[in-house]
Each structure stands twice: as C-alpha cells, then as structure tokens.
Amino acid sequence: MSNNKPKYGGSTTAVKVLKDVDLTGKTILITGTTAGIGRETARSLALKGAHVVMANRNVNLSQELRDEIYKETSYRKIDIIQLDLNSLVSVKHASEEYLSKGWPLNVLIFNAGLNNAPNRATKDGYESTFGINHLGHFYLTYLLMDKLRESAPSRLVVVSSASHSHSGVC
C-alpha cells in the first residue's frame, strides 16, 4: 500500500505546505509575526489570499512586514492590531479592536512566545513565560471564542517548540 501523503520536515517551508491551498475569503489572526516562524507564516498566508491580521507588540515592525509582503503581491488584505501579551489589559483591548471590525475569524494562530527569559513578572504579576505564552493566549481565546464559533468551521493553531527540553525541568 503506498502512502501518498506529503512528507514535511525541518526544512519544509510554509509556502510548500500551502502549495495547493487557496485561502481567499479566510481571515486569520496571528500573534508574534515580527520574526521567525510567525513572520514567514504571515507572509505565506497572505500570498495564498488570506486576510491576515497581525497582532504584535511592535506595530512598526508589523508595518515593515506588511510593506515587504505588498512588494511580493498585489493582494492588499493585511491588517495590524497592537497586542502585548505581557498585559491582560492589552489583550482585552486587542480583542475589542478585532471584534469592532466585524471580520470573521476562521483561524487563530498563537505563535508569539517567550523562551529563556530572565525571572520577571508580567504587568499583571504573573511569571513572564507563563503569563505571555499561556495566560495571554488563553485570555485572547476566551475573548474571541464566540467569533470563532460564529465563523465555523474555524481553527485554533498553537505553535510550539521543544525548548522545554533545554530547561532542566524534564
């Protein structure tokens, strides 16, 4: 029996994964798109026709990425919302801004994350890695859950890593 499933690995690009996918009409909110995996994910989704909403702490870097993507395509459906996962007030404001636009929410991608951070607290007093990587995203999900349901079929995607294996905890 042959297995015709595509094989992906560490060198597989987002563009390759999305090769035969048309995302026209889909709205995708992504946290943490100013660098690395999130940056390439936002770029690739936009190139495939998705309405991409980048939710980042640094609006200027978000605007730079949007300008770079616009050089690659005539498609102009990229929006920016300021979101600082270090503050639950910021998470609430970002969700309110998103909901005020009347957009559907087909996919919510949690890419933003903190790794190997010094022992600091969020603006709300939680340990920063836990607060940013988990509580901020959990609260955002809670605030946008009705929109996800309303936009069904919808998806929630959590980007993770194996960085925990370097912590000495496990």
If you build the convex hull over the alpha carbons only and average its shadow over all orientations, what do you get for region 1-46? Give it in nm² to one decimal.
4.4
Quick query: amide H of ILE80 versus all other amide H atoms, modeled in the peptide plane; which residues come in under 5 Å with a sequence gap of 5 or more or a different chain?
MET54
Hull volume per residue for region 58-158, using the convex hull of the C-alpha atoms, in Å³ is 117
Using a cut-off of 24 Å between alpha-carbon atoms, which lysines can reach LYS16, once sequence neighbours fewer than 8 places away in the same chain are excluded?
LYS5, LYS7, LYS26, LYS48, LYS71, LYS77
Quick one: among VAL107, VAL89, VAL158, which has the greatest mean-square fluctuation in a GNM of the chain with alpha-carbon springs under 10 angstrom?
VAL158
Taking amide hydrogens as modeled 1.01 Å from N in the peptide plane, which residues meet the under 5 Å criterion relative to LYS26, leaving out close sequence neighbours?
HIS51
Translational diffusion of region 97-140, µm² s⁻¹ [Kirkwood Rh, Cα pairs; Stokes-Einstein; 37 °C; 0.692 mPa s]
272
Applying the Karplus parametrisation 6.51 cos²θ - 1.76 cosθ + 1.60 with θ = phi - 60° to the phi angles of region 113-126, what ³J(HN,Hα) value in whole Hz is obtained for each residue in order, glycine and proline being reported as x?
x, 10, 9, 6, 7, x, 5, 10, 10, 6, 4, 9, x, 8
Bin width 10 Å, origin at 0, all Cα-Cα pairs of the chain: what percent of pairs per bin?
10, 36, 35, 16, 3, 0
State the antiparallel share, in %, of DSSP beta bridges confined to the chain, rounding to the nearest 5.
5
Give me, ordered by chain and number, the residues 5 or more places off LEU156 or on other chains with an amide H under 5 Å from its own placed amide H.
LEU108
In a Gaussian network model over the chain where Cα atoms closer than 10 Å are linked, find which of SER151, SER74, SER62 has the largest mean-square fluctuation.
SER74
Explain nothing, just compute: Karplus ³J(HN,Hα) = 6.51 cos²θ - 1.76 cosθ + 1.60, θ = phi - 60°, for every residue of region 61-69 in order, whole Hz, x for Gly and Pro.
5, 5, 5, 4, 5, 4, 5, 5, 5
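Since every read-out is calculated from the coordinates, none of them should be taken as a lab result. Being a predicted model, the structure only gives us computed values, none of them experimental.
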